[in-house]
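The values are calculated or read from the model by the stated rules, or taken from the named source; none is laboratory data. Not measured: the values here are computed from a predicted model. Note that each Cβ is placed from the backbone with ideal geometry, even for glycine, and that neighbours are counted across all protein chains shown.
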Amino acid sequence: MPKLSFPIGPQHPALKEPENLRFTVDGELVVDADIRIGYVHRSIERSCSERNYVQDLYLCERVCGICSNAHTLAYSMAIEKLADVEVPERAQYIRMMMHEFERIHSHMLWLGVAAHEIGFETLFMYAWRDREIIQDILEMVSGNRGHYAMTTLGGVRYDITDEMAGKIREGLATLRQRAEHYADIATTEATFLKRTVGVGVVSGDRCQQLGACGPVVRASGKDYDVRAYFPYLKYDNVEWEVRTSELCDVLGRTIVRVQEVIDACDISIQCLDLMPEGGEIQAKFPRKVPEGEVTSRVEAQRGELIYYVRSDGSDVPERVKIRTPTLANLPASIEMVIGGQIADIPIAFASIDPCFSCTDRMVVLDDISTGDRRTMSWAELVKLGKRK
Amino acid sequence: MTASELVEQIQSEYEGELTEAEARSDVDAWVGVPPADVQQMARYIMETWAPVHLSTISGVDNGREIEVLYHFATEGVSLNLRAAVPKGDDRIDTITPIVPAAILYEREIMDMFGVEIVGHPDPRRLILPEDWPEGDYPLRRDDVLEEEEGEEDNA
Amino acid sequence: MEVLRPLFHVLVFPGFLFLVAFGLLASWVDRKLIAKFQNRVGPPITQPLADLIKLLAKEDIIPQHANRAMFAWAPLVGFAGVIASAVYIPMWSPTAVNFFNGDLIVVIYLLTLPAFALFLGGWYSSNPFATIGATRVLSQLFGYEVPFFLACLGPAVAAGSWSITEITRMQADGLWLIGAAPLSFVVAMIALIGKLERVPFDIPQAKTEIVTGPEVEYTGRRLALWKLTFLTETIVGSALIAALFLGGPHFWGIPFDQMGPWLGGLVGMVVLAVKILLIVFFLSLVQAAMARIRIEQMVEWSLLWLGIPALANIGVIVFITRQMGA
């Protein structure tokens, strides 16, 4: 059989977001791979420098639907550092809980998607059913199942009442049990192992060279976790450890993620225990932010998320740069699929938990048939208007 | 290691020109080099504190020049390296051969700011569509410069 | 009237109409069971029929670069193969509509037609997903076909006949051949999963990898035909296994002789339907409990773990019949 060029995307059942991967295959073997991103650019970085700091908070939340809280957290931490505002302790614990809740919901979502990629529909259904527990908790705390709008500049928007705390403890106890069950399934179910062991292998050193982060690099035996490297919020005060695996394959990434769900349950419970009673949850925040530049990193569920913000002293940031974890993991994911089987592409690729809508942030849609620019960001329009 | 120790080490060991070297907190180190020296500095960083994680490369158009910022992370220190590329001669050497992680970030810089990354192994577009007009860079703010010049003319 | 009889058997019972109706019912049972296993509600009983009608109403598109004849005829050939094989399988009494010594071979051959048709239809679709899927259909065929044939050989050797009707009649006294060929039965059941392209052997279709593979370019009527082919193949394949190993329509304590042809036929059909649904239950259970494996894993595994047990079982049967004969 001659070598065949084989596309996955922009529309494909394995990818929930538009992205184009092009593979050259020889029979069932993948000999080359290339990726084309940029299908969902939404001009967020540029738009950020057109809006004030509070508006940007909402904009950043909408970079991604799954890690929305990680984005507001990283953004708020950056701006608070610039403005030198101290966040009340109770708010920090609440932020940390939201951060871990989001990790739980995202990892459960990932587990379902990964099972779906290898045709294990039952695990997919069960994982998503149990994910509803954390979704209910998120809804109870913030009023929303996604885009929680919990983090605000200087603190959090809603407090956690005693009644909520009880329900959270209850829900997390169930969830923790279920996660342990899934850890058991992942390491014992024969067909699951057949599809994950030795699939999508990248060594730890190579991961590090390629700048991979999050569960991908941790599943290859390296311990890069922003929560440990640059402790933020109150991660110094709770007991937890960086989960790593030496397996370097999809199974390793599964184990790390499921383990992190269990850890996240424990961290959240510790937050409830350590949280000071009552008190402020939101500090007063100035409208204008002093001149300066700052970077802020958080460990989003997919890996390290970094914001770089520069302020010119006005109420509008001069530049907001966002680098999402998926972009950092893409070079490693390409290495995962080359040399593997076609059948392993979806699961190997899914094992980095890709999120392309986060990765692309600026869009100018072109109407390909006519070559005309159809939609433009406001900034583009202004620019175009000036040029005429 | 703290940021100030790292900055001191750079100042004493690194044999090249530094445009800035400052520890702004315990974890934030800011270092600047002329654009021509970026490979030398990247090599020095990668060899001195290995393993070093390159978090990303940011670009900032400040009107006169395009600042290319390399955000590195080592154990406990966030090391930010700045190289300001003057507009008109917007070229900078690639660091991909030294830091493989830079490959996509450099393509993003090329797409968004039109800075030519000299020697990049794969200088195709990353984010912009194929039929995007040449010479039009979304995050480049040439209009700011034009405005300022215009104001000066009026004055 | 006698002239119309074969036509009736092919078009109404046990052919087209019956198979489609029962296939739709079995498909609903299958979907409902999987839903229950997965903690979902599942579809209403009319859902498979509604899906079928919807597909029939859709536009039929033949891709520009596809080979028109191959693309258009492939699903018909596959479907015809399944319908034709039904007349050789006992559906209500131990005697099939048609039988002769050697019809087992014909049925096995007819049941491979859908796979070949799927390969041809996929290959001539001129779509990379379909091409990869088509090659997988063939690779998988080599994986399950040999064990399936060997497994069917077990009861044939035990009964000393190549006719399904003969084999089923032999079991009418209550000695089901599953007793003589238990390994062959297990192998036949697993090979049937491969034949029907169900999890864990849904490799040629693999939605998340190659977007339903050979079927990717099919729409409307022709896609409905493919769906029907696999629905009816489920029934025919299950009925074949029931006839070979589980005594066909026979069940202990039901006096077929005293009930006359009509009542006896009806009861026999119900008994067989229950057996078929039990096999469908097994298929659903496997589907719910497993992930899809890779093509090379499937071929390697099935030749080793299906081929060898099936051969061993035949060896044992040959040995025993020799001893009894001597």
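Within region C:95-118, how many residues are in contact with a helix residue (DSSP H, G or I) (Cβ under 8 Å, 6 or more places away or on another chain) and assigned to a helix (DSSP H, G or I)?
Result for region C:95-118: 14.
For region A:200-242, please list each of the helices (runs of 4 or more DSSP H) lying entirely inside it that holds at least 3 residues being over 19 Å from the mean Cα position of the chain (by Cα).
A:204-209
State whether one or more residues within region A:158-175 are under 22 Å from the mean Cα position of the chain (by Cα), under 30 Å from A:Ile118 (Cβ atoms) and modelled with pLDDT of 90 or more. Before the answer, list the steps.
Here is the first cut: in region A:158-175, the residues under 22 Å from the mean Cα position of the chain (by Cα) are A:172, A:175.
Next cut, under 30 Å from A:Ile118 (Cβ atoms) only: A:172, A:175.
Still in the running and modelled with pLDDT of 90 or more: A:172, A:175.
Yes, some residue in region A:158-175 is under 22 Å from the mean Cα position of the chain (by Cα), under 30 Å from A:Ile118 (Cβ atoms) and modelled with pLDDT of 90 or more.
List, please: which pairs have Cβ atoms under 6 Å, are six or more places apart or on different chains, and start with a residue in region A:21-33 that is closer than 20 Å to A:Leu330 by Cα and end with one that is of a type in the set (D, E, K, R)?
These pairs meet every condition: A:Arg22/A:Asp34; A:Thr24/A:Lys3; A:Thr24/A:Asp32.
Counting just the residues of region C:250-266 that are in contact (Cβ under 8 Å) with a residue 40 or more places away in the chain and within 15 Å of C:Ile178 (Cβ to Cβ), which one comes out surrounded by the fewest Cβ atoms within 10 Å (Cβ to Cβ)?
Checking each candidate, the answer is C:Trp252.
I want to confirm something. Restricting to region C:193-213 and keeping residues that are facing chain A (nearest Cβ under 9 Å) and farther than 15 Å from C:Phe129 by Cβ, which single residue is modelled with the lowest pLDDT? So that I can check it myself, show each step before the final result.
Just the residues of region C:193-213 that are facing chain A (nearest Cβ under 9 Å), to begin with: C:199-200, C:202-203, C:206-212.
Filter once more, keeping what is farther than 15 Å from C:Phe129 by Cβ: C:199-200.
Details: C:Val199: 81, C:Pro200: 86.
In this case the residue turns out to be C:Val199.
Listed residues C:Phe129, C:Phe100; which is surrounded by fewer than 24 Cβ atoms within 10 Å (Cβ to Cβ) and of a type in the set (Phe, Trp, Tyr)?
Numbers: C:Phe129 fails: surrounded by fewer than 24 Cβ atoms within 10 Å (Cβ to Cβ).
On inspection, the qualifying residue turns out to be C:Phe100.
Mind checking whether some residue in region A:273-280 is of a type outside the set (Val, Ile, Thr), within 26 Å of the chain's Cα centre (by Cα), within 10 Å of chain B (Cβ to nearest Cβ) and more than 30 Å from A:Thr24 (Cβ to Cβ)?
Taking every residue of region A:273-280 in turn, none turns out to be of a type outside the set (Val, Ile, Thr), within 26 Å of the chain's Cα centre (by Cα), within 10 Å of chain B (Cβ to nearest Cβ) and more than 30 Å from A:Thr24 (Cβ to Cβ).
Please find, among C:Leu285, C:Leu311, the residue that is within 13 Å of C:Pro200 (Cα to Cα) and in a helix (DSSP H, G or I). Walk me through it before giving the result.
Values: C:Leu311 fails: within 13 Å of C:Pro200 (Cα to Cα).
It is C:Leu285.
Please tell me if C:Ala134 is surrounded by fewer than 20 Cβ atoms within 10 Å (Cβ to Cβ), in contact (Cβ under 8 Å) with a residue 12 or more places away in the chain and within 19 Å of C:Arg222 (Cα to Cα). If you could, list the steps in order and put the result at the bottom.
Details: surrounded by fewer than 20 Cβ atoms within 10 Å (Cβ to Cβ): no; in contact (Cβ under 8 Å) with a residue 12 or more places away in the chain: yes; within 19 Å of C:Arg222 (Cα to Cα): yes.
So C:Ala134 does not fit the description; no.
Which pairs do you get when a residue that is closer than 11 Å to A:Ile168 by Cα, found in region A:134-146, comes within reach of a residue that is in a loop (DSSP other than H, G, I, E, B) and among the small types (Gly, Ala, Ser), reach meaning Cβ atoms under 8 angstrom, with the pair 6+ apart or on two chains?
none
Do the conditions hold for A:Thr295, that is, is it more than 10 Å from every other protein chain (Cβ to nearest Cβ), hydroxyl-bearing (Ser, Thr, Tyr) and either in a loop (DSSP other than H, G, I, E, B) or surrounded by 20 or more Cβ atoms within 10 Å (Cβ to Cβ) (or both)?
Criteria not met by A:Thr295.
Within region A:99-126, count every residue that is aromatic (Phe, Trp, Tyr) and farther than 27 Å from A:Ile269 by Cβ.
Going through region A:99-126, the residues aromatic (Phe, Trp, Tyr) turn out to be A:101, A:110, A:120, A:124, A:126.
Narrowing further to those that are farther than 27 Å from A:Ile269 by Cβ: A:120, A:124.
Number satisfying all stated conditions: 2.
Give region B:43-70 a look and list any residue that's touching a helix residue (DSSP H, G or I) at 6+ places or on another chain (Cβ under 9 Å), crowded, with 17+ Cβ neighbours inside 10 Å and assigned to a helix (DSSP H, G or I), or say none.
Of everything in region B:43-70, those that are touching a helix residue (DSSP H, G or I) at 6+ places or on another chain (Cβ under 9 Å), crowded, with 17+ Cβ neighbours inside 10 Å and assigned to a helix (DSSP H, G or I) turn out to be B:Tyr44, B:Ile45.
Check C:Leu283, C:Leu223, C:Leu246, C:Leu228 and return the single one that is closer than 20 Å to C:Ile167 by Cα and either within 14 Å of another protein chain (Cβ to nearest Cβ) or at pLDDT 85 or above (or both). Give the derivation first.
Working: C:Leu283 fails: closer than 20 Å to C:Ile167 by Cα; C:Leu223 fails: closer than 20 Å to C:Ile167 by Cα; C:Leu228 fails: closer than 20 Å to C:Ile167 by Cα.
Only one candidate passes the filter, namely C:Leu246.
Which one of A:Phe120, A:Phe101 is buried (at least 24 other Cβ atoms within 10 Å of the Cβ), in contact (Cβ under 8 Å) with a residue 40 or more places away in the chain and closer than 21 Å to C:Ala206 by Cα? Step through it out loud before you land on a result.
On the way: A:Phe101 fails: closer than 21 Å to C:Ala206 by Cα.
Of A:Phe120, A:Phe101, the one residue that is buried (at least 24 other Cβ atoms within 10 Å of the Cβ), in contact (Cβ under 8 Å) with a residue 40 or more places away in the chain and closer than 21 Å to C:Ala206 by Cα is A:Phe120.
Go over the candidates C:Leu7, C:Leu33, C:Leu11 one by one and state the one that is surrounded by fewer than 19 Cβ atoms within 10 Å (Cβ to Cβ) and either within 14 Å of chain A (Cβ to nearest Cβ) or over 20 Å from C:Leu266 (Cα atoms) (or both).
One residue alone meets the criteria, C:Leu7.
In this structure, is A:Met125 within 14 Å of chain C (Cβ to nearest Cβ), over 19 Å from the mean Cα position of the chain (by Cα) and in a helix (DSSP H, G or I)? Steps first, please.
Numbers: within 14 Å of chain C (Cβ to nearest Cβ): yes; over 19 Å from the mean Cα position of the chain (by Cα): yes; in a helix (DSSP H, G or I): yes.
Answer is yes for this residue.
Looking at (1) surrounded by 23 or more Cβ atoms within 10 Å (Cβ to Cβ); (2) touching a Pro at 6+ places or on another chain (Cβ under 9 Å); (3) facing chain A (nearest Cβ under 10 Å); (4) under 24 Å from B:Arg24 (Cβ atoms), which is the one condition that is false for B:Thr74?
Among (1) surrounded by 23 or more Cβ atoms within 10 Å (Cβ to Cβ); (2) touching a Pro at 6+ places or on another chain (Cβ under 9 Å); (3) facing chain A (nearest Cβ under 10 Å); (4) under 24 Å from B:Arg24 (Cβ atoms), B:Thr74 violates only (1).
Hand me the list of strands (runs of 3 or more DSSP E) wholly inside region A:1-84 holding 3 or more residues that are within 12 Å of another protein chain (Cβ to nearest Cβ), closer than 25 Å to B:Tyr137 by Cα and touching a strand residue (DSSP E or B) at 6+ places or on another chain (Cβ under 9 Å).
Numbers: elements: A:4-8, A:20-26, A:29-36.
Correct list: A:29-36.
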